[in-house]
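Colleague: What follows is a single structure, and I will ask about it in a moment.
The values are calculated or read from the model by the stated rules, or taken from the named source; none is laboratory data. Bear in mind that the values here come from a model prediction, so they are computed numbers and not experimental data. Note that we place each Cβ from the backbone using ideal geometry, even for glycine, and neighbour counts take in every protein chain shown. Side chains included, ligands, DNA and RNA excluded: accessible areas come from the protein's heavy atoms. Shrake-Rupley method; radii C 1.70, N 1.55, O 1.52, S 1.80 Å.
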Amino acid sequence: MEKFKLNTQEVEVPKDLTRRLLDVIRVDQGLTGTKESCQEGECGACMVLIDDEIYNSCLVPVGNVIGKSVETIEQFKEREIYKRIEEAFVKAGAVQCGFCTPGMVMATYALLKTGEKHSLEDVKLALSGNLCRCTGYQTIFKAVQLLQEEVE
Amino acid sequence: MFETIMPSTLDEALEYMHKKTYSPLAGGTDLMIRARNWQGSTRHFKGDVLLISHLDSLKRIWVDEEAYHMGALVTQAQAASSKVLPNYFKAVVSQMATPAIRNAATLGGNIVNAASVADLLPPLYLADARLVLRSLNETREISIQEFIVKKYTTSRRPDELLTEIILPKIKCDTFVYEKMGQRRASILSKVSFLAVRTQTDVRVAIGALNDTVIRSRAMEHKIAKGVPFDEIIQGYEALYESHDDKRSTKSYKETVATNLLKNWLEVNHFEKGID
């Protein structure tokens, strides 16, 4: 049986290899931190890390992650860098309903892990695949810029 | 219920495709949406599916004297961050979709999909790109113009897989790429305009306006010869065949295309000619 790593667990890949990774995470494995919203790769609510790169799990057939490592917000929140992102989001008031937040955190991480300092324009582009219906984005940009200040 | 096959090699994939018609599924950013269904339920694929995203032999980018070669499974992110691909190509690919989509979406997927708004097509038309199609018993190379028959229709046979994109090296001193859409990122183009110039030559491709990319070598020669702008613009406008769609109106798209062309002609002072 083919497997992939989901957070700390080795998980068996379902028979239907076109089953969405999102359904395996939420329905089969009961990990509901990853959200479902648009179902077409526009909103970023379902964003997860596959081998440490961001992907929209609603568009990933589970066959595509065989042998790979998938990380959801449940595991990502244990990381040191998550704590910094959380602190910045809290400080900037970047969370209202919270539905987009796991995806926003993932997209923020993808930008931060480059280790470079980015302009506001870069921040906006990095978060361009994540929709938020509450904040108007400005507080989220502010949070990411607070994190940027820490970059030497 | 459809069948899903995950071949372990390219040759094995071609053997399956020789026997039966499959939909090759790579990054999933288009086909998974078309097969959408309720949460937790089986996707609505109309035919059998061949998962190919793991075929590493199709993920290479390499360069020889004449051309840049890209495997069909090179992702948009991989192309955008490539150190060897030309800047005009990277400018196009780095403005497609969003960071997470670019990590999954492949170059081959955008081309084979053959949408009129496919952003990769203008640079391929611009450089007279060629595509390699493989089947079990044959490897053939055809031009992008021969490949794209019309909107959403290609000349790929059901037993063939697009394996490689060959982008000939063209001279490019400066280039302009303008992608017009409802927002700056994560958007399908209403019109795109790509132009490169050298000391003696120009190339122009207008995307998303017609069902296929507008490219005219005859008009490019006229630009280089310093033919008056009015005549150039009329020449291009005669090639417009757009229509109202859900993203925009015919009138808007055609006006924008002409403005982008006019602006580029003026900024480059082509009235003097460069030929």
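Colleague: Hey, which aspartates and glutamates would be in cross-link range of B:LYS59, C-alpha to C-alpha under 16 Å, not counting anything within fewer than 8 residues on its own chain?
Modeller: B:ASP11, B:GLU164
Colleague: While we're here: Taking all protein chains as present, what is the carbon and sulfur share of the accessible area of region A:3-76, in % to the nearest whole number, probe 1.4 Å?
Modeller: Numbers: 1030 of 2600 Å².
Of the solvent-accessible surface of region A:3-76, carbon and sulfur hold 40 percent.
Colleague: Sorting check: for B:150-162, A:105-117, B:239-251, B:198-210, which peptide has the highest mean count of neighbouring beta carbons within 10 Å, and how do the rest follow? Intermediate values should be presented prior to the final figure.
Modeller: Details: B:150-162: 16.3, A:105-117: 18.0, B:239-251: 13.6, B:198-210: 20.5.
So the peptides B:150-162, A:105-117, B:239-251, B:198-210, ranked by packing, come out B:198-210, A:105-117, B:150-162, B:239-251.
Colleague: From the P(r) of chain B, can you give the percent of Cα pairs sitting at distances over 35 Å?
Modeller: Working: 7110 of 37675 pairs.
Across chain B, Cα pairs with separations above 35 Å total 19 percent.
Colleague: If you don't mind, another one. If each Cα of region A:3-76 is one equal point scatterer, what is log10 of I(q)/I(0) from the Debye formula at q = 0.16, 0.17, 0.27 Å⁻¹?
Modeller: So the normalised log intensities are -0.45, -0.52, -1.45.
Colleague: Over region B:108-226, with every protein chain in place, what whole percent of the accessible area is carbon and sulfur at 1.4 Å, could you tell me?
Modeller: On region B:108-226, the fraction of accessible area on carbon and sulfur atoms equals 47 percent.
Colleague: Stick to Cα atoms and the Kirkwood definition of Rh, then tell me Rg/Rh for region B:56-141.
Modeller: Rounded to two decimals, Rg/Rh equals 0.94.
Colleague: Moving to a separate point now. State, in angstrom, two size descriptors of the protein assembly as shown derived from its alpha carbons: Rg to one decimal place and Dmax to the nearest whole number.
Modeller: 22.6, 69
Colleague: In whole percent, how big is the carbon plus sulfur part of the accessible area of region A:80-151, probe 1.4 Å, protein atoms only? All intermediate terms of the calculation are to be shown ahead of the outcome.
Modeller: Working: 1880 of 3550 Å².
Heavy-atom surface of region A:80-151 belonging to carbon and sulfur, 1.4 Å probe: 53 percent.
Colleague: Okay, next question. Residue farthest toward the positive end of the dipole of chain A, with Cβ of Lys/Arg at +1 and Asp/Glu at -1: which of A:GLY98, A:ILE50, A:LEU111?
Modeller: Comparing the listed Cα positions along the dipole, A:GLY98 ranks first.
Colleague: With the other protein chains left in place, how much accessible area per residue, in square angstrom, belongs to region B:1-159 at a 1.4 angstrom probe? Don't skip to the end; give the middle numbers.
Modeller: Details: 6880 Å² over 159 residues.
In whole numbers, region B:1-159 has 43 Å² accessible per residue.
Colleague: Let me ask another. What dipole magnitude, in Debye to the nearest 20, does the protein assembly as shown give about its Cα centre under +1 on Lys/Arg Cβ and -1 on Asp/Glu Cβ?
Modeller: Dipole size: approximately 760 debye.
Colleague: Here's another thing I want to ask about it. When Cβ neighbours within 10 Å are restricted to other protein chains, what is their mean count per residue of peptide B:21-32?
Modeller: Across the residues of B:21-32, the mean count of other-chain Cβ atoms within 10 Å is 4.
Colleague: Also: Please turn the phi angles of region B:260-267 into ³J(HN,Hα) values with the Karplus equation 6.51 cos²θ - 1.76 cosθ + 1.60 (θ = phi - 60°), one per residue in order, whole Hz, x for glycine and proline.
Modeller: Residue by residue, region B:260-267 yields 5, 5, 4, 4, 5, 4, 5, 4 Hz.
Colleague: Magnitude of the Cβ-charge dipole of region A:80-151, K/R +1 and D/E -1, about the Cα centre, nearest 20 debye?
Modeller: 200
Colleague: Could you point to the residue in B:VAL196, B:TRP62, A:LEU125 farthest towards the positive end of the protein assembly as shown's charge dipole, with +1 and -1 charges on the Cβ of Lys/Arg and Asp/Glu respectively?
Modeller: A:LEU125
Colleague: Quick one: which of B:LYS171/B:LYS246; A:LYS91/B:LYS246; B:LYS46/B:LYS246 span more than 30 angstrom between C-alpha atoms?
Modeller: Violating the 30 Å Cα-Cα cut-off are B:LYS171/B:LYS246; A:LYS91/B:LYS246.
Colleague: Related question: What aspartates and glutamates could a cross-link reach from B:LYS169, if we take a straight Cα to Cα line under 15 Å and drop same-chain neighbours fewer than 8 places away?
Modeller: Those aspartates and glutamates meeting the cut-off are B:ASP64, B:GLU65, B:GLU66, B:ASP128, B:ASP201.
Colleague: In region B:81-109, which residues become less accessible by 10 Å² or more once every protein chain is in place, relative to the chain on its own, using a 1.4 Å probe?
Modeller: B:THR98, B:PRO99, B:ALA100, B:ILE101, B:ASN103, B:ALA104
Colleague: In bins 10 Å wide, starting from 0, what share of all Cα pairs of region A:80-151 does each bin hold, as a percent?
Modeller: 22, 63, 15, 0
Colleague: Relative to the isolated chain, which residues of region A:113-152 have their accessible area cut by 20 Å² or more in the presence of all protein chains (1.4 Å probe, heavy atoms, no ligands or nucleic acids)?
Modeller: By number: A:GLU121, A:LEU125, A:SER128, A:GLY129.
Colleague: Name the lysines eligible as straight-distance cross-link partners of B:LYS250: C-alpha to C-alpha under 19 Å, and not fewer than 8 places from it in the same chain.
Modeller: Straight-line reach from B:LYS250, under 19 Å: B:LYS150, B:LYS151, B:LYS179, B:LYS190, B:LYS262.
Colleague: Can you list which of the DSSP-assigned H helices in chain A have a Cα extent of 24 Å or more along the long axis and an average Kyte-Doolittle score of at least 1.0?
Modeller: Sorted by number, there is nothing, because no helix extends far enough and scores high enough.
Colleague: Just how large is the dipole of chain B about the Cα centre, in debye to the nearest 20, putting +1 at every Lys and Arg Cβ and -1 at every Asp and Glu Cβ?
Modeller: The calculation lands at about 800 debye.
Colleague: Which percent of Cα pairs goes in each bin when the distances of region B:205-275 are cut into 10 angstrom slices starting at zero?
Modeller: With a bin width of 10 Å, the distribution comes to 19, 53, 23, 5, 0.
Colleague: On alpha-carbon atoms, Rg over Rh for region B:101-221 using Kirkwood Rh?
Modeller: 0.98
Colleague: A follow-up question, please. Among B:LEU107, B:SER53, B:TYR125, pick out the residue whose Cα is farthest towards the positive end of the charge dipole of region B:43-143, where Lys and Arg carry +1 and Asp and Glu carry -1 on C-beta, about the Cα centre.
Modeller: Of B:LEU107, B:SER53, B:TYR125, it is B:SER53.
Colleague: Given the whole protein assembly as supplied and a 1.4 Å probe, what does the accessible area of B:ARG36 come to in Å², nearest 10?
Modeller: Answer for B:ARG36: close to 90 Å² accessible.
Colleague: Helix-only estimate, please: 222 nm mean residue ellipticity of chain B, summing -39500 (n - 2.57) across DSSP H runs of length 4 or more and dividing by its residues, to the nearest 500. Mind dumping the intermediate values first?
Modeller: Numbers: 11 runs with 85 residues, N = 275.
That comes out to -8000 deg cm²/dmol.
Colleague: Next question, about the same structure. Need one number: buried accessible surface between chains B and A, 1.4 Å probe, both sides summed, DNA, RNA and ligands left out, in Å² to 100. Before the final figure, lay out the partial values.
Modeller: On the way: alone 13740 and 8080 Å², together 19390 Å².
So the total buried area for this chain pair works out to about 2400 Å².
Colleague: Would you work out if region A:1-142 is rounded, prolate or oblate? Take a ≥ b ≥ c from the square roots of the eigenvalues of the alpha-carbon gyration tensor; rounded if a/c is under 1.5, else prolate when a/b is larger than b/c, oblate otherwise.
Modeller: Numbers: a/c = 2.00, a/b = 1.75, b/c = 1.14.
Prolate, since a/c reaches 1.5 and a/b exceeds b/c.
Colleague: A further question on this structure: Run the numbers on region B:33-64: which residues show a drop of 20 Å² or more in accessible area, chain on its own versus all protein chains together, using a 1.4 Å probe over heavy atoms?
Modeller: Relative to the lone chain, where solvent access is computed with a 1.4 Å probe, region B:33-64 loses at least 20 Å² at B:ILE33, B:ARG36, B:GLN39, B:GLY40, B:ARG43, B:LEU51, B:SER53.
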